[in-house]
Each structure stands twice: as C-alpha cells, then as structure tokens.
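The values are calculated or read from the model by the stated rules, or taken from the named source; none is laboratory data. In this text, all values refer to a predicted model and were calculated from it rather than measured experimentally. Methodologically, a virtual Cβ is constructed for each residue, glycine included, from the backbone with ideal geometry; neighbour enumeration extends over all protein chains shown.
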Amino acid sequence: MSTAPAIRLQELTRTFRVAPTTVVRAVDRLTLSVVPGERVAFIGPNGAGKSTTLKVLSGILHPDSGEATVLGYVPWRDRRRLAFEIGTVFGQRSQLWYHLPPRATFALLAHVYEVDPSVHRRRLASLVEAFDLGACLDTPVRQLSLGQRMRAEIVASLLHAPRVLFLDEPTIGLDVSAKATIRGLLRAQSQDGHATLLLTSHDTGDIEHVCERVVILHQGRVLWDGSIDGLRRRFMKTKRLTLWSEAERLTLDLPGARVLAARPHVTEIALDPRKTAVGALVDAACRQGLLHDLTIEDTPLDEVIRDIYGEAAGHGS
Amino acid sequence: MTPRVGKYVAFGRVGASQALGNRAELGGRMAFVAIILGVFSSLWQAVAEHGLPIAADRAALVWYLAATEWIVLTVPAAHVDIEREIRTGDVTCHLTRPFSYPLALASQGIGMILVRAPFVGVAAFVCGVVFTGTAPSITLLARFVPFAFMAMLLVYGLHVVIGLLAFWLTDVTPVFWIAQKLLFVLGGLMLPLTLYPDWMQRLAHFTPFPAMLGGPAGLLVPATAPDTVRLARDLAVWIVVMAMAARALFERAVRTLQVSGG
Amino acid sequence: MSTWTFARALFATNLRAALALRGAFAIQALFMLINNLTFFIVWWVLLRRVPDLRGWRLDDIEVLFGITATSFGLVVAVAGGVRHLGRAIEEGELDTLLTQPKPTLLYALGMRSNASGVGDMVSGVLFLVMSGHLTLTSAPLLVVLILASAATFLGCGIVFHSLPFWLSRTETVSRQLWELTITFAIYPEPLFGGALRLLLFTAIPAGFVAYLPARMLRDPSPVTLAASVGAALAYVAIAVWVFDRGVRRYTSGSRFVAFG
C-alpha cells in the first residue's frame, strides 16, 4: 500500500466576513496528514472549523492560503476528477430522492459516477447485505425511518468505492441502536475497502467506535491530534471506582481519592492514580472487610475533552 | 380592552409586522401594479381606436383596474402559510392554547391588510394619475374605500378557506389557481362585468366573486356603478358565509385530528 | 457521451419522482390546464366586443397563449429545478451536487419537475389547435419555435435565479422577474412601444419567448426564425456563463455568512 498521505493539509487558512467589520478565522494555519485507510475524527464545538475543513477538502470551498491535497489532487482545482474518488455524507442533507425508493437514487448515482453496470450490481448487492437494506430498497425514502435513511445515505456514498469518505455528523438524530449499527458498518467498510475516513461529530461515541485517531479543533486550530488511547492517557486525571463491600461504610482517606457517592455497601470514588495507586486503594478497602464487587473505569471521553477545552479557554485564544 | 380582545389585537400586530418585514414582497406588488396598469392603459387605448364597447372612457377603465388590482394585490396569500402550518403539524400546537385559530387568522389577516393596503394603494393611485392624467373625485374615492376593505376581507376569507382544505388535500395550490382564475374572470378583474354575455353575468352573480372585485371597483366607473345598498348587503352576506365556512371546516378538521390523531 | 447518458438517467429519475404521487400529478396537471383555459376567457369576452387590437384577433391571442404555455410547461416539466435554483444557492444545497462529478447546472435543473408543467403544455397545444395554426405542415416549425422559446425562457430563468450568488435575500426578486417575463408574454406585442419594447427584447425577453414565435406564424420570414433560434442560443450561452461565474463565487466562499 502506498505510504503517501491520502489527505494532506499545510498551513490551511480560511476566514469569513461575518459582518462589515468582523472577520472570523474559521480555519487557522491547519496542518495535518492522514494516511490511506486511517479513520480520523474531527471534533470541536460549533465554529471550530470542522465543516469548513471538510468543505475545503471536498473541493467546494477555496482556502485563503495554505495547501491541501486529497489523493494527490488539489481539491478546489481538480474538483471534478477528485469527485470520482470521494464520497460525502452530510448528516443534515440528503442525496436520496424523497419520493422514490433508494434503489432509484442508487441507479442514478451509478450513472453519475460512471460505474460499470455489472460492477454496480455486485457492489450494490454486497452493500445492501452489509447494511441490511433489503427490506427498504424498494420503499419510498419518505416512508423510511431515520436509521434506515442514514444507512441508505451511506450506501449511496459508497457505491462507487471511493478511496476517501467525508462524513459530516453522520449519526445526528439517531437512536442508540441505530448509532451503534452505523458505527459498526462504517468501521467495517473502511477496514474492508481500505477507505480513508474523515468524520466530524459532536458525539464522542462516534469517535470511540469508529475512529482510531482524533483531531480536536478549537477556533480553527488543532488542539490535540493523536490516538484515543493517547488522549486518555495524556489527559487522564482520574479513574472511577465503584466498590461493593461487606462493610456498610468504607473509610478511604487517601491522597488523591475523593468519595463521589456513598450508599450502604456501595461506594463510588474518583481516584488520581498519580497520588495513590489503584492497587493501594483496593488494598485499603479489602482491609476493611470482604469486597464483593469492583468496577474500574477510565474518565469518560466527554469529560476529557471538556477539560481540554477548559484548559484552552483558560490560556486564552 | 378585555384580555380576550387584546389577544386578537396582538395577532393583528403580528400580521402587521410580518407584512412590514417582507419588503421584497411589498415592493414586488407595488411594481406589479405599475406594470399592469401600464399594460392596460395601452390596451384600452388600442381598444378605443375602434371605439370602446362600453359607456365609459379609457381613463375610467384604467381606474377600474387600479381598484380591482388594489384589492387583489393587498390581500396576502394566506393559504400558503396555513397549508404550511397544517403540513408541518405546527397547527396542533395552536390547538392546545386558549385561542380560536380561525379568529387569530382573521386578526392576523386584518393586520396584514392594514399595512399593505396603503403601500399598494398609493402605488395604484400614483400610476392611475400618471397613466390617465386624471383622478376620481374625492366623493367617489370616499365611497369606494370602505367597500374595498370589505372586499379585501372577503378575498382573505376565501384564501383562509382554501388554506384550511389542506387538512384533507395533499396540495391546495391547484385549488387556489382555479379559485383565483374564477375570481379574475367572474369577478371582473380586468373587464367590467357589463361587457360579459348576459348568461355569464347571471352565472357570476351566484358567486361571491363580483362582490369581491367588480362591485367595489364599479363605484369608480359611473357607467358600471352598482347599487351601493345591494353591494353592501352582498358583501356582508358573503363575508358571513365565508366566515361560517372557515369555522365549520376548522371544527371538522379538529374533530378529525382528535379521532384519528392527525 | 457520459454526460448525455447521465442527462437521460436524470430526466428518467425526475419523471419517476413526479409520477410517484399519481393522484397529485393528475390534479396538478388537470388544474393547471383549467387554470389557463379560465384565464383565456377574459380575452374571449373582450374580443367578442372588439374587432381587433391593433390587428390582433382572437386566434392571434390563442397562438400567443399556445406558444407561451407550451414552452413554459416544457421548462417546468423538464428543467423544473430552475425555479428552485435560488433557494438551492441560498441554503447550500449546491454542496451535494458540487461534490459529484457531473455538471452542476444540468444536475440542479433536472432535479425537480412539476406536474403543472404538463398541464401547461396540454393547454398550450389546445390553444394552438383552437387558433387553427397547428397543422401537419406547420407542426415541425412550431416544434422549433417552441423549443427556441423554451430555451430562452430557461436561459433567462437561470440568470434570474442565479442572482443569489451575488446578492443575499433575492429569492423573491428572482421569482418576480421570472413571473414578469410570463406576464408580458401573454399580452399582444402591438401594445408595447419604445423603451419598453427594448426591455422586452433584452432583460425581460418576453419578445423572444412569445412575440417573435407568434410573429413567425402570422408572417413567416427566415429572419424572424433565425432571430428566434439565435436568441435562444444566446440566452442559454449567457445563462451557462453566469451560472459558472456564480459557482466560482460560491466556492470562493465570499457569499458565506454561516460557517462551522
């Protein structure tokens, strides 16, 4: 496999004039690289520059300065040629024809992307099976549930076997099980088809279950770029422990240990492992009586990210 | 003012500010008045070359059109908004609140009409003067304006009834097209009804349309001037009929919603 | 060639979508037909009482209505997306089209269709039949004239509805300019003179949409035919150029206010 980056951004800058005298930097000297087959999540609050970056990369927006290449193409110059190689799913917009069944949209897209009919048939069959669309393939889109529609949207974006897939808020508005289904499918498709995935989201679940790498954007700049584990390890301050004990109450007065909640026989603790090791805390609990059960969790990713923003805001922009 | 009345005055104000806010629409209607009066000024001139088929002069006929267009263009296309509210289900929110939807619509409509009428009216008047070099006497205008306002209310009522049909029809726009064309033809938008064949005139008088346009506008054209008492009675009767129809439709719709869940 | 196959596939999909709601399609088509016929009654009433309007009689008005309705209906039925273009620009709906490898304008035009266009076309043909000018010999000429008229309509429609590329909140103005063209197209040419006539053969091309084709039937001349066809080509070329410039502006982001 080629080691040339699938996506490369170099000092990319894009500003917008939102009022006669106000210019906002939506993207500010953004530099990063994505390797083919990688699955990257772009997260950030509204206005952080996620959608703008996606628009520049898909060729529908010119940057003010800086460079970007996607699969070797300069997106805003080679938009038509690049279009054959990329797929897009904009969560708030649909490319499915509302009054027709998904099959009709798929057939039209085969013409749009100039896919050979037999290749299209084969690919459609495999995608329909993978995404479980058999039952809805011939039902008008307006009669489909949001989950079914989203699956059909993603199939529509994958029909031409794109090498890069851009997804803007793909799970927005979906219920928990629909989200889980779509995340699993996206991950599998990317792994099987070696497609590079670039996804923006507000939902940390999307990040954890689909992507391996997360880029946190804040005011157009990269705040963090690395693996999710790395994110946790770097910013992890506390572990959450829940202890079910024989004793009605536990006294755990150790440095870095804070009792979050205490019910008879159940104690929840936030622990900073740098001050007291997890093992030391458990030992201390065991010495007070039999421990029936114990759970240890990492800090929720949401909190980690909120802390990062908090730090960034504290340092000023 | 009791809180109950005040409620509907507030709706009226909402309608008024909506109308004021939509400047492009207002400007467009004023421009259209100018254009159509210009076209018809030219048309009646062309007709006059062979002799006008009616006991009126070209100027009076242009003022006739100015009057009918003032009425038609002032009334907002309420059916579009009502259809949207029904289609999106927003109307169900209104049902849980302590006010009468039909009355609120009427109040809003009055508010919108009170704002739009001066703008479109001034445009129509100015163009009338420009294209004919004359103006109707103050007495004629003074008699005409109140009837015109009643006519506007009636036309608005028609739009509301059409909009309410959205509870049953998937798309009321086609119904609106036909109603509007019937209004133009049987109401005598461009041609006074006295020009029509007798059988058509008799047919027209079974409908509310002549009272909406030709009747009030005819007050400005001495040759076609209707009996004002008769016109007032016709307008009053049709307004009541339209209001009752709107109320009946709405109540039927609410019952259907309550039974079948929308 | 792939653009042509795409256009065919797009048109077929569009037609399917329009027919998906069978009942609504029939009603829209039928009611538009009735709408046009009803409006024509006003002319019938007037021209019973008046010998002619500067040489134009009832059959001439029927020709005018026939051509305008048929060509307008054709545009609405086949390239109905033109009326939605302004909204698509203002609300960023072009984004989805721009990321796909097919001509954006063609795609945008062919994405919508309105059954009322069919009603317009049927009424137009009826008017032409009533006028007596639709014969076996005149049919090919009429087809050419109507296609030219429709192309001019489409061209100016694209330009009007592309205004949102440069100005914000012009959706109403675009629609009004479009409707103005139609308004002028259904009144006889001799009513207009001077500066107005100049306007009607340039910015608001009712002259090319309606008057020239109508003139061609009353008083055939190769010059009139050439002018109709030439104008159609010119308006389409201008429209494509304007839209292309508009897309450049759109992708340069200078019209954006919202971002994220």
Out of the residues in segment B:23-41 that are within 8 Å of chain C (Cβ to nearest Cβ) and among the aliphatic types (A, V, I, L, M), state the one that is farthest from residue C:182 (Cα to Cα).
B:24
Being under 22 Å from the mean Cα position of the chain (by Cα), at the interface with chain C (Cβ under 8 Å from one of its Cβ atoms) and charged (D, E, K, R) is the filter here, so list the residues in segment A:7-54 that pass it.
A:50
Pair list, Cβ under 6 Å, 6 or more apart: segment B:193-217 residue away from every other protein chain (no Cβ under 11 Å), other residue of a type in the set (Phe, Trp, Tyr)
B:208/B:238; B:211/B:238; B:216/B:147; B:217/B:64
Those residues of segment A:279-293 which are surrounded by 13 or more Cβ atoms within 10 Å (Cβ to Cβ) and more than 11 Å from residue A:244 (Cα to Cα) amount to A:280, A:281, A:282, A:284, A:288
Could you list, in sequence order, the residues of segment C:26-71 that are among the hydroxyl-bearing types (Ser, Thr, Tyr) and under 18 Å from the mean Cα position of the chain (by Cα)?
C:68, C:70, C:71
Can you tell me which residues in segment B:46-55 are surrounded by 15 or more Cβ atoms within 10 Å (Cβ to Cβ) and assigned to a helix (DSSP H, G or I)?
B:46, B:47
Tell me the residue from A:210, A:304 that is β-branched (Val, Ile, Thr), surrounded by 15 or more Cβ atoms within 10 Å (Cβ to Cβ) and modelled with pLDDT of 90 or more, please.
A:210
Residue A:187 fails exactly one of (1) touching a residue at least 60 places away in the same chain (Cβ under 8 Å); (2) charged (D, E, K, R); (3) in a loop (DSSP other than H, G, I, E, B), namely (3)
Please pick out the residue among C:116, C:168 that is in contact (Cβ under 8 Å) with a residue 40 or more places away in the chain and either on the phi > 0 side of the Ramachandran plot or over 15 Å from the mean Cα position of the chain (by Cα) (or both).
C:168
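Mind telling me which of the residues B:91, B:120 ends up being modelled with pLDDT under 95 and in a helix (DSSP H, G or I)?
Numbers: B:120 fails: modelled with pLDDT under 95.
None of the other options fit; the residue is B:91.
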Would you check which residues across segment A:144-161 are away from chain C (no Cβ under 11 Å) and farther than 18 Å from residue C:13 by Cα and list them?
A:144, A:145, A:146, A:147, A:148, A:149, A:150, A:151, A:154, A:155, A:158, A:161
What's the number of the condition residue B:256 fails, among (1) more than 17 Å from the chain's Cα centre (by Cα); (2) crowded, with 22+ Cβ neighbours inside 10 Å?
(2)
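Give me the helices (runs of 4 or more DSSP H) completely within segment C:8-111, filtered to those with at least 2 residues that are more than 9 Å from chain B (Cβ to nearest Cβ) and closer than 18 Å to residue C:130 by Cα, ordered by residue number. Lay out the reasoning, then the answer.
On the way: elements: C:22-49, C:58-78, C:85-90, C:94-98, C:104-109.
Answer list for segment C:8-111: C:22-49, C:58-78.
For segment A:76-85, does any single residue satisfy the condition of being assigned by TED's automatic domain parsing to the domain that holds residue A:197, touching a Lys or Arg at 6+ places or on another chain (Cβ under 6 Å), touching a residue at least 60 places away in the same chain (Cβ under 8 Å) and closer than 14 Å to residue A:163 by Cβ?
Yes, segment A:76-85 contains at least one residue that is assigned by TED's automatic domain parsing to the domain that holds residue A:197, touching a Lys or Arg at 6+ places or on another chain (Cβ under 6 Å), touching a residue at least 60 places away in the same chain (Cβ under 8 Å) and closer than 14 Å to residue A:163 by Cβ.
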